[in-house]
Amino acid sequence: MAITHSQATLNPLETSIVNQLQGGFPLDSNPFASAAAVLGCSERALLQGLDGLLQRQVLTRFGPLYQIERMGGCFVLAALAVPPARFDEVAAAVNSLPAVAHNYQRSHKLNMWFVLAASSQAGISAACSAIELLTGLTVHAFPKQREYFVGMRFTVGGQAAVGQLSAGRTCKDDSHTPPLDEDDWRLIRATQAGLPLVAQPYRQLADSLQLPEDMVLARLGSMLEQGVIRRIGAVPNHYAIGYRANGMAVFDVADELVDELGQQLGQLDCVSHCYRRPRHLPHWPYNLFAMVHSSSRRAVREQQGQLLQLLGPACRRHAVLFSTRILKKSGLRV
């Protein structure tokens with residue numbers, strides 16, 4: 001689909017929901033009542049507001065956001081250089097694979113960028129081979145070598161802070177995957193599409209899974225603490241709230257400096273994702289990736305300028321790849 005979303009018109013409560021409920025949703029027996037008290041509205045108004053935002057696709061879901069690698073799975077960013085005359089044909093072939101979660105057209109010779117998710121590295125390799133067989137094109141895989149930050153909070157209006165450091169930004173070390181038992185997996189599968197919009201969502205989950213409510217709360221709390229759950233709350237459709245442009249800013253940085261500089265980039269408020277990924281020489285010299293979002297391409301370029309200023313002479317080459325079409329966006333599922 002083309003990126004043609006118009007900005008949604010939101011009332012004050014809807015704006016507060018989007019801006020304030022992207023994380024920190026309570027883990028108690030009456031979480032919507034607790035959240036409503038903070039927002040200064042009734043529980044019923046909050047539930048109705050969330051339902052409306054989901055129905056209008058201002059939010060893509062409301063609930064836990066899981067980290068697939070902490071669950072024992074893996075995902076990989078990959079790209080193809082697709083001849084323009086074959087683009088739609090190749091997109092259809094790539095999108096037909098269940099392993100493809102997200103797929104975007106971007107402004108570059110490598111013009112199709114997608115995320116592959118699987119339960120193992122063997123599954124990722126099989127998906128890459130299948131795409132090459134279907135399309136006759138080389139898959140350029142960019143596995144995450146290090147994560148510096150994931151988790152930007154989007155605010156209504158599409159205005160991100162440019163170049164400001166946020167000392168509270170942290171990224172959990174994902175080198176250890178905690179063991180998950182069958183009840184954990186049942187709970188993950190029951191909540192990965194979102195929480196039920198009822199006054200006592202955790203009790204409803206507990207009843208459906210035939211588990212005690214306090215066990216459901218304890219398991220969700222443990223997964224949040226361990227990083228299996230990144231956050232619990234609203235996941236906005238950033239196009240619908242005013243972010244008209246996003247760019248994948250990429251940089252060629254000396255390997256001995258990339259970790260230090262990547263951590264610094266990840267502290268900037270305008271960065272939603274920041275990773276170290278491998279180069280693909282000679283055509284792709286970049287090893288530092290940062291996603292930036294704003295209300296216009298001009299604003300994204302201004303943000304890229306702030307990133308370049310921080311990197312200074314350590315950055316040897318750079319580019320920004322703008323999203324031009326959403327080809328698939330199904331989310332990661334287990």
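Things to note:
- Taken over the stretch 138-155, residues that are modelled with pLDDT under 80 and either on the phi > 0 side of the Ramachandran plot or of a type outside the set (K, R) (or both) amount to 4.
- Restricting the search to helices (runs of 4 or more DSSP H) fully inside the stretch 3-81 and requiring at least 3 residues that are among the hydroxyl-bearing types (S, T, Y) and in contact with a Pro (Cβ under 7 Å, 6 or more places away or on another chain) gives an empty result.
- Residues located in the stretch 207-216, provided they are of a type in the set (S, T, N, Q) and in a helix (DSSP H, G or I): S208
- Within the stretch 178-204, the set of residues being surrounded by 17 or more Cβ atoms within 10 Å (Cβ to Cβ) and among the β-branched types (V, I, T) comprises I188, T191.
- Residue count, the stretch 104-154 (criterion: over 22 Å from I68 (Cα atoms), crowded, with 17+ Cβ neighbours inside 10 Å and hydroxyl-bearing (S, T, Y)): 1
- Selected residue [over 29 Å from L257 (Cβ atoms), modelled with pLDDT under 95 and either among the charged types (D, E, K, R) or part of a strand (DSSP E or B) (or both)] from R189, R219, R169, R230: R189
- Of the residues contained in the stretch 5-17, none is found to be among the hydrophobic types (A, V, I, L, M, F, W, C), at pLDDT 95 or above and closer than 26 Å to D214 by Cβ.
- Output for the stretch 223-258, where each listed residue is under 18 Å from E69 (Cα atoms) and in contact with a strand residue (DSSP E or B) (Cβ under 9 Å, 6 or more places away or on another chain): M223, L224, V228, I229, R230, R231, I232
- The set of residues from the stretch 102-125 being within 23 Å of W284 (Cα to Cα) and small (G, A, S) comprises S107, A117, S125.
- Whether a residue is in a helix (DSSP H, G or I), among the small types (G, A, S) and at pLDDT below 95 was assessed, and A240 does not pass this test.
- Checking F87, F62, F75, F32 one by one, the residue that is among the aromatic types (F, W, Y) and without any contact (Cβ under 8 Å) to a residue 60 or more places away in the chain is F87 and no other.
- Whether a residue is among the small types (G, A, S), crowded, with 19+ Cβ neighbours inside 10 Å and over 20 Å from the mean Cα position of the chain (by Cα) was assessed, and A299 passes this test.
- Residue within the stretch 107-123 that is part of a helix (DSSP H, G or I), touching a helix residue (DSSP H, G or I) at 6+ places or on another chain (Cβ under 6 Å) and without any contact (Cβ under 8 Å) to a residue 60 or more places away in the chain present: no
- Scanning the stretch 87-103 for residues that are assigned to a loop (DSSP other than H, G, I, E, B), surrounded by fewer than 19 Cβ atoms within 10 Å (Cβ to Cβ) and among the hydrophobic types (A, V, I, L, M, F, W, C) turns up just one, L97.
- A single member of Q48, Q22, Q57, Q67 is touching a residue at least 12 places away in the same chain (Cβ under 8 Å) and surrounded by fewer than 17 Cβ atoms within 10 Å (Cβ to Cβ), and it is Q57.
- Subset of the stretch 249-271 that is out of contact with any Cys (no Cβ under 8 Å at 6 or more places or on another chain) and assigned to a strand (DSSP E or B) - its residue that is surrounded by the fewest Cβ atoms within 10 Å (Cβ to Cβ): V250
- The stretch 205-219, residues that are closer than 14 Å to D28 by Cβ and either crowded, with 16+ Cβ neighbours inside 10 Å or of a type in the set (D, E, K, R) (or both): L205, A206, E213, D214, V216, L217
- Residue within the stretch 292-301 that is part of a strand (DSSP E or B) and polar (S, T, N, Q) present: yes
- Inspection of the stretch 272-282 identifies at least one residue that is touching a residue at least 24 places away in the same chain (Cβ under 8 Å), surrounded by fewer than 17 Cβ atoms within 10 Å (Cβ to Cβ) and assigned to a strand (DSSP E or B).
The values are calculated or read from the model by the stated rules, or taken from the named source; none is laboratory data. Quick caveat: nothing in here was measured; it's all calculated off a predicted structure. Note that each Cβ is placed from the backbone with ideal geometry, even for glycine, and that neighbours are counted across all protein chains shown.
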